[in-house]
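Comments concern the structure below.
The values are calculated or read from the model by the stated rules, or taken from the named source; none is laboratory data. Computed from a predicted model, the values in this text were never measured in an experiment. All Cβ positions, even for glycine, are placed from backbone atoms using ideal geometry, and neighbour counts span all protein chains on display.
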Amino acid sequence: MIYFDNGASSHPKPQCVVKAVGDWLRKNASNPGRSGHRLSMEAAELVYNTRVALGDLFGVEKPENVILVPNATYALNTVLLGLFEKGDHIITTDLEHNSVLRPLWHLQSKGVEVSVIKVDFEDDEKTIEKMMRSIRSKTKAIVCTQCSNICGRILPIERIAERKPKDVLLIVDGSQGAGTIPINMVESGVDYYCAPSHKGLLGPQGGGLILINNRIPRPLIYGGTGTESLNPEQPLALPEHLESGTLPTAICAGMLAAANYIKDLGRKKIHSHKRALTDYAYDELRAVSGVELYMYPYASKCLGVIPLNMNGKHSGDTVEYLDQKGICTRGGIHCAPLFHLRMGTQSRGMVRISFGCFNNDREVDQLVRALKNLK
Amino acid sequence: MELPVKSATYAMKGRQLLHRHGIRAYVGKRSGESGCYYYLNISDKNFAAAEQLLRNEEILK
């Protein structure tokens, strides 16, 4: 079986991640940060070490600024719904996933103004210019993806951070970039970075993170934190302010193992591997008769994701055909509606080929052969 | 002697900080006026130094 659906969830996981989750569940299923006995303390220490390891990966100086949440959607909702209110203005792009867009549309229904700028596939400078021109006195934030989940287009996060006014927050959806595109929270000027565990970070599903470099958002949920229990108010200190309820310790064990795995392997190496694979796949796919490669002219600015269609077919039919050949891809809209509206593919969707760090050229060759045989 | 800290996260952070400075500390949990809290248990001879280190890093409750 060939797995080209890493944009949805990376597979397989490194063996050390699988082992860490299983080992932890066997060894200690106690509650972290709730009790004072040794097992609970060991669990709390594991959670803390997870924050430290993830913080190291992203240049976060204070482990308490690494907030552990169930997934990237939860992370983005926490930041977006916790910072803005009626009268505020937010800028975003047409490459965003619904994990950004739907909270923004919700905010819009409550009186927040939202501007969507069209990303220039060719020229980053034009995209940045559009963002800067959209800024007005009530603009509170720019919210954008680090790397598109549907076309792999990388956005110039650091340059956006450099150019924006200081009082305009930069919120980054790192769902497709985390674990592959290096980013340092202090040097980059990013204010909030949200990512899931289970994609490029190679961890289990059920984990995600918010990296905070600015003021603390209002909590999305309220409840037990294991501290200040007689106080009706949510504790103000991070991370507990944003982490009500029991944390998934076994998931944290997997995230910790995955963070160490990525650190050992090196994100530059992972990045180079995906770069080479993306370039190779584009070169080979060009030779396939009837293939529609939407982002080919901008291939060098895209990473790890190739959207395509075949012979005017519905994406679902091509995905089903590839599945029969033992190749896992994803069709449809990929929760990125504005991109499909822009490309005119909202009816038939696109076939998304998304690479992980364990894919190789031979698998690309098999994909190309399968597509060449598609009638 | 005990020094109350902000949360379990700060307890772990404080313990590692003190460890780096050669001070051994144990994490404990008990309840007080505002409910449950974590603390670091430190020997008398290291208490003043530990308190200063923890205060500098804003770890204390």
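Among all residues of the range B:2-9, there is none that is surrounded by fewer than 17 Cβ atoms within 10 Å (Cβ to Cβ), within 14 Å of chain A (Cβ to nearest Cβ), in contact with a strand residue (DSSP E or B) (Cβ under 7 Å, 6 or more places away or on another chain) and polar (S, T, N, Q). Of the set (1) in a strand (DSSP E or B); (2) free of Cβ contacts under 8 Å to residues at least 40 places away in the same chain; (3) polar (S, T, N, Q), all apply to residue A:137 but (1).
How many of the residues making up the range A:208-229 are within 23 Å of residue A:30 (Cα to Cα) and in contact with a Gly (Cβ under 8 Å, 6 or more places away or on another chain)? Of the residues in the range A:208-229, 8 are within 23 Å of residue A:30 (Cα to Cα) and in contact with a Gly (Cβ under 8 Å, 6 or more places away or on another chain). Checking A:150, A:142, A:181 one by one, the residue that is part of a loop (DSSP other than H, G, I, E, B) and buried (at least 23 other Cβ atoms within 10 Å of the Cβ) is A:150 and no other.
Of all residues in the range A:92-115, those satisfying the criterion of being outside any helix (DSSP H, G or I) and out of contact with any strand residue (DSSP E or B) (no Cβ under 9 Å at 6 or more places or on another chain) are A:110, A:111. Out of curiosity, is residue A:203 away from chain B (no Cβ under 14 Å), small (Gly, Ala, Ser) and over 23 Å from residue A:155 (Cβ atoms)? So residue A:203 fits the description; yes. Filtered by the rule that a residue be in a helix (DSSP H, G or I) and among the β-branched types (Val, Ile, Thr), the range A:116-134 gives A:127, A:128. Just so you know, in the range A:8-48 the residues that are part of a helix (DSSP H, G or I) and touching a Cys at 6+ places or on another chain (Cβ under 9 Å) include one that is farthest from the other protein chains (Cβ to nearest Cβ), and it is A:24.
Look at (1) touching a Cys at 6+ places or on another chain (Cβ under 8 Å); (2) among the hydrophobic types (A, V, I, L, M, F, W, C); (3) not assigned by TED's automatic domain parsing to the domain that holds residue A:180 and you find that residue A:285 fails only one, number (1).
Looking at the range B:37-60, which of its residues are surrounded by 20 or more Cβ atoms within 10 Å (Cβ to Cβ) and either facing another protein chain (nearest Cβ under 10 Å) or in contact with a Pro (Cβ under 9 Å, 6 or more places away or on another chain) (or both)?
Within the range B:37-60, B:37, B:38, B:39, B:40, B:59 qualify.
On the basis of being in a helix (DSSP H, G or I) and out of contact with any Phe, Trp or Tyr (no Cβ under 9 Å at 6 or more places or on another chain), does residue B:54 make the cut? The answer is no for residue B:54.
Against the definition (under 30 Å from residue A:254 (Cα atoms) and free of Cβ contacts under 8 Å to residues at least 24 places away in the same chain), how does residue A:153 come out, yes or no? When the stated conditions are applied, residue A:153 does not pass them.
Return the only residue of A:305, A:288 being buried (at least 22 other Cβ atoms within 10 Å of the Cβ) and of a type in the set (A, V, I, L, M, F, W, C). It would help to see each step written out before you state the result.
Working: A:288 fails: buried (at least 22 other Cβ atoms within 10 Å of the Cβ).
Criteria check complete, one pass: A:305.
Annotation: of all residues in the range A:225-237 being in contact (Cβ under 8 Å) with a residue 24 or more places away in the chain and of a type outside the set (S, T, N, Q), the one that is nearest to residue B:35 (Cα to Cα) is A:226.
Taking the criterion of being assigned to a helix (DSSP H, G or I) and either touching a strand residue (DSSP E or B) at 6+ places or on another chain (Cβ under 7 Å) or over 25 Å from residue A:123 (Cβ atoms) (or both), the residues of the range A:281-300 that qualify are A:281, A:282, A:284, A:285, A:298.
The numbered conditions (1) within 14 Å of chain B (Cβ to nearest Cβ); (2) touching a Leu at 6+ places or on another chain (Cβ under 8 Å); (3) buried (at least 24 other Cβ atoms within 10 Å of the Cβ) are all true for residue A:197 except (1). One residue stands out among those in the range B:17-28 that are surrounded by 14 or more Cβ atoms within 10 Å (Cβ to Cβ) and touching a helix residue (DSSP H, G or I) at 6+ places or on another chain (Cβ under 8 Å): the one that is nearest to the other protein chains (Cβ to nearest Cβ), which is B:27. Going through (1) crowded, with 20+ Cβ neighbours inside 10 Å; (2) in contact with a Leu (Cβ under 7 Å, 6 or more places away or on another chain); (3) within 19 Å of residue A:368 (Cα to Cα); (4) not small (Gly, Ala, Ser) one by one, residue A:293 falls short only on (1).
Evaluate the range A:185-208: report whether one residue or more is part of a helix (DSSP H, G or I), of a type in the set (Gly, Ala, Ser) and without any contact (Cβ under 8 Å) to a residue 12 or more places away in the chain. The answer is no, given that none of the residues of the range A:185-208 is part of a helix (DSSP H, G or I), of a type in the set (Gly, Ala, Ser) and without any contact (Cβ under 8 Å) to a residue 12 or more places away in the chain.
It is to be established whether one or more residues within the range A:304-322 are in a helix (DSSP H, G or I), more than 20 Å from the chain's Cα centre (by Cα) and farther than 23 Å from residue A:346 by Cα.
no
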